[in-house]
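One structure is given here, and the rest of the page talks about it.
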C-alpha cells in the first residue's frame, strides 16, 4: 500500500488529471514538468510506495524519498476555459513508476481512488511511442475510452490506429483502463520518439496538442531550448558513430590475417 501524504488540502473545482510519469523517451515526464513550471502549479500530495526502487534521491546534499507527486493549479492560471467542463488542473509526475506488474496495478488503483475523491472525472495521460529511429517531426498517437473522445482528439491531428501493437504499458494505460472501470473518461497522447534518449521535441509535440485541446496558453521556449540541446547531443553521437565505422578495416584489408 502506498503512503499518501497531503501537504495541502486545496478546494478544487471540476479538476482534470494530467499524468506524465517517466517512460519511453521521458516524454510524459518532460511534458508534465514543463506544464508545472509554466502554470506555477503547487505540489500538494506526496506518494511513496514499496513498489518504487529501494533508494532515496540526493539533491544538493539533501536526501528525500523517491516519490510521485500531485500538483494543482487553480482556474485563474488557466486562460480561455470557456466551456465550463473543467476549472482546475491536477498534474501527476514523479521519479518512477511501479517496478512490477503488481506494483503498477496497485499504484494506479490508489491514484484513481485518490483523484476520484478530489472530484476528477476526466484524465489525460502523456507518454512516448517508441519508433527505434530518430524523428524530426513527431506525430502524436492517441487512444481514448470512448468514440466521442477519439473524435474530439482527432480534430487536433491526433492519429488513432491499432498502434501500439502491444498496447499501452504502464501508468499511461492503466490509469485510463482502471479509471474507465470507475466511471472516469480519458485520453492518452503519445509522441513519437526514438526511445533512446530523453526527447523534449516529442514532449513539445504532445503539449502542443494538449494545450490546444484544453485551450491552455503557455510558453514553450524552455522546452525548445532543451530540444535544441538534445539535437546537438544527437548530432555529436551520430558523428562519433560515423567516425567509428570509418575506422573499421574493410574485409579486403584483413587478407593478411591467417
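Some notes on this structure:
- Pair list, Cβ < 8 Å and 6+ apart or interchain, from region 120-134 residues that are at positive phi and in contact (Cβ under 8 Å) with a residue 24 or more places away in the chain to residues that are outside any strand (DSSP E or B) and surrounded by 18 or more Cβ atoms within 10 Å (Cβ to Cβ): 132/194; 132/195
To keep it simple, each residue is scored yes or no on (1) under 22 Å from residue 153 (Cα atoms); (2) at pLDDT below 95; (3) in contact with a strand residue (DSSP E or B) (Cβ under 9 Å, 6 or more places away or on another chain).
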| position | (1), (2), (3) |
| --- | --- |
| 84 | yes, yes, no |
| 104 | no, no, no |
| 109 | no, no, no |
| 114 | no, no, yes |
| 119 | no, no, no |
| 122 | yes, no, yes |
| 127 | yes, no, yes |
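- Scope region 162-176; condition in contact with a helix residue (DSSP H, G or I) (Cβ under 8 Å, 6 or more places away or on another chain) and surrounded by fewer than 17 Cβ atoms within 10 Å (Cβ to Cβ); matching residues: 167
- Yes/no for residue 174 being assigned to a helix (DSSP H, G or I), within 14 Å of the chain's Cα centre (by Cα) and either over 17 Å from residue 34 (Cβ atoms) or at pLDDT 90 or above (or both): yes
- Set 17, 12: member being surrounded by 12 or more Cβ atoms within 10 Å (Cβ to Cβ), part of a loop (DSSP other than H, G, I, E, B) and either in contact with a strand residue (DSSP E or B) (Cβ under 9 Å, 6 or more places away or on another chain) or at pLDDT below 95 (or both): 12
So that you can scan it fast, the table gives a plain yes or no per residue for (1) in a loop (DSSP other than H, G, I, E, B); (2) more than 26 Å from residue 2 (Cα to Cα); (3) over 16 Å from the mean Cα position of the chain (by Cα):
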residue	(1), (2), (3)
102	no, no, yes
109	no, no, yes
124	no, no, no
133	yes, yes, yes
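- Taken over region 188-210, the criterion of being in a helix (DSSP H, G or I) and in contact with a helix residue (DSSP H, G or I) (Cβ under 9 Å, 6 or more places away or on another chain) is satisfied by 200, 201, 202, 203, 204, 205, 206, 207, 209, 210.
- Pairs linking a residue in region 147-163 that is assigned to a strand (DSSP E or B) to a residue that is surrounded by 15 or more Cβ atoms within 10 Å (Cβ to Cβ), with Cβ atoms under 7 Å and 6 or more positions apart or on different chains, are 159/139; 159/140; 159/141; 159/142.
- For region 30-53, filtering for residues that are touching a residue at least 60 places away in the same chain (Cβ under 8 Å) and under 21 Å from residue 101 (Cβ atoms) leaves 1.
- Test: residue 152 is under 15 Å from residue 136 (Cβ atoms) and either within 16 Å of the chain's Cα centre (by Cα) or modelled with pLDDT of 90 or more (or both): no
The values are calculated or read from the model by the stated rules, or taken from the named source; none is laboratory data. The shown structure was predicted, so the numbers you read here are calculated from the model rather than taken from an experiment. When we count neighbours, we look across all protein chains shown, and the Cβ atoms used for this are built from the backbone with ideal geometry, even at glycine.
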